[in-house]
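Q: Sharing a structure with you now.
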Amino acid sequence: MKSVVIYYSLTGNTSLVAKMIAENIGADIIKLKPEKEIPSTGSGKYFWGGKSVVLNEKPKLLNDTLNLEGYDTLIIGTPIWAGSFTPPINTFLSEYEIKDKKIFLFATHSPGTKTEKCFAKMKEKLIKNRVKEAVGFDDVKKMSAKELNDKVRKFCKNITD
Ligand SMILES: Cc1cc2nc3c(=O)[nH]c(=O)nc-3n(C[C@H](O)[C@H](O)[C@H](O)COP(=O)(O)O)c2cc1C
């Protein structure tokens, strides 16, 4: 089994979880990099990021074309923006022909947010695959190291089982 963690992160939460997962299961890891990044500080990011989601934007990615052929498992991670997945993930899910893969989804978000809508929309774009599990991580930076570690390990166990 060969796995890859593919994710986007603006302020580091999703990066942290993605790196922990990749390390835990020995997966490759790819961060999606949009050509034009919104500012990561200040409240402007909510406006520009939210607008970009609402307008269903698919920003050009700086990554070299990804070759997914050698992977049977994709672990896809996104922050939740405006209740949904982020524009770079939108580009990835829209531009790549993803099929016959085992898929695990994760999202980082603020406390109390319901993740169902975000995951349902991601699953709509992944209908040619088997989406095995989708897990939300809220307020990653406020979790204790042990709490985060335990949650990541539980998720990883389901990936490798
Ligand atoms: C533009 C924008 C919109 C957001 N919208 C939501 C939201 O609708 N629901 C939520 O729970 N968190 C929302 N957040 C918070 C992020 O999902 C959360 O901080 C996430 O962990 C950030 O991930 P990152 O550090 O990997 O960028 C939003 C953050 C930004 C920047």
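The values are calculated or read from the model by the stated rules, or taken from the named source; none is laboratory data. What you see is a predicted model, and the numbers here were worked out from it, not measured in a lab. Cβ atoms come from the backbone with ideal geometry, glycine included; neighbour counts cover every protein chain shown. What goes into the accessible areas is simple: the full protein's heavy atoms, side chains included, and nothing from ligands, DNA or RNA. Shrake-Rupley method; radii C 1.70, N 1.55, O 1.52, S 1.80 Å.
Q: Can you tell me which residue in region 96-130 is surrounded by the fewest Cβ atoms within 10 Å (Cβ to Cβ), limited to those that are within 14 Å of the ligand (Cβ to nearest atom) and of a type in the set (Val, Ile, Thr)?
A: Restricting to residues being within 14 Å of the ligand (Cβ to nearest atom) and of a type in the set (Val, Ile, Thr), the top hit is THR113.
Q: Same structure again: What is the number of the single condition among (1) within 13 Å of the ligand (Cβ to nearest atom); (2) under 16 Å from the mean Cα position of the chain (by Cα); (3) farther than 23 Å from VAL140 by Cα that VAL53 does not meet?
A: Looking at each condition in turn, VAL53 falls short on (3).
Q: Considering region 131-146 alone, what residues qualify as being within 16 Å of the ligand (Cβ to nearest atom) and among the aliphatic types (A, V, I, L, M)? Even if it seems obvious, please write down each step before you answer.
A: Residues of region 131-146 that are within 16 Å of the ligand (Cβ to nearest atom), as a first pass: 134-143.
Once the filter is applied, which keeps residues that are within 16 Å of the ligand (Cβ to nearest atom) and among the aliphatic types (A, V, I, L, M), region 131-146 yields ALA134, VAL135, VAL140, MET143.
Q: Please verify whether THR91 is of a type in the set (Ser, Thr, Tyr) and closer than 18 Å to SER3 by Cα, treating the condition exactly as stated.
A: Details: of a type in the set (Ser, Thr, Tyr): yes; closer than 18 Å to SER3 by Cα: no.
No.
Q: For region 4-13, give me each residue that is in contact with a helix residue (DSSP H, G or I) (Cβ under 6 Å, 6 or more places away or on another chain) and either more than 8 Å from the ligand (Cβ to nearest atom) or not polar (S, T, N, Q) (or both).
A: Looking only at region 4-13, we keep the residues that are in contact with a helix residue (DSSP H, G or I) (Cβ under 6 Å, 6 or more places away or on another chain), and these are 5, 7-9, 13.
Selection gives VAL5, TYR7, TYR8.
Q: If you don't mind, there's one more thing I want to ask. Looking at the structure I just gave you, is ASN24 touching a Cys at 6+ places or on another chain (Cβ under 7 Å) and in contact (Cβ under 8 Å) with a residue 40 or more places away in the chain?
A: Numbers: touching a Cys at 6+ places or on another chain (Cβ under 7 Å): yes; in contact (Cβ under 8 Å) with a residue 40 or more places away in the chain: yes.
Here the answer is yes, as ASN24 does meet what is asked.
Q: Test each condition in (1) within 20 Å of GLY83 (Cβ to Cβ); (2) within 16 Å of the chain's Cα centre (by Cα); (3) near the ligand (Cβ under 10 Å from one of its atoms) for LYS45 and report the one that comes out false.
A: Condition not satisfied by LYS45: (2).
Q: Suppose we keep only residues that are in contact with a strand residue (DSSP E or B) (Cβ under 7 Å, 6 or more places away or on another chain) and open to solvent by 40 Å² or more (accessible area, probe 1.4 Å) within region 14-29. Which one would you say is nearest to the ligand (Cβ to nearest atom)?
A: Step by step, filter region 14-29, then rank; the result is LYS19.
Q: Sticking with this one: Of the residues LYS141, LYS151, LYS117, which single one is under 21 Å from VAL4 (Cα atoms) and either at pLDDT 95 or above or out of contact with any Asp or Glu (no Cβ under 7 Å at 6 or more places or on another chain) (or both)? Outline the logic, then answer.
A: On the way: LYS141 fails: under 21 Å from VAL4 (Cα atoms); LYS117 fails: under 21 Å from VAL4 (Cα atoms).
After ruling out the rest, the residue left standing is LYS151.
Matching residues to (1) open to solvent by less than 60 Å² (accessible area, probe 1.4 Å); (2) closer than 25 Å to SER40 by Cα; (3) touching a Cys at 6+ places or on another chain (Cβ under 6 Å):
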site	(1), (2), (3)
ASP64	no, yes, no
ILE75	yes, yes, no
PRO88	yes, yes, no
SER94	yes, yes, no
GLY136	yes, yes, no
LYS141	no, yes, no
LYS151	no, no, no
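Q: Which count do you get for residues in region 32-60 that are crowded, with 17+ Cβ neighbours inside 10 Å and under 19 Å from HIS109 (Cα atoms)? Walk me through it before giving the result.
A: From region 32-60, those crowded, with 17+ Cβ neighbours inside 10 Å are 32, 34, 38, 49, 52-53, 58-59; that's our starting set.
Filter once more, keeping what is under 19 Å from HIS109 (Cα atoms): 32, 38, 49, 52-53.
Count: 5.
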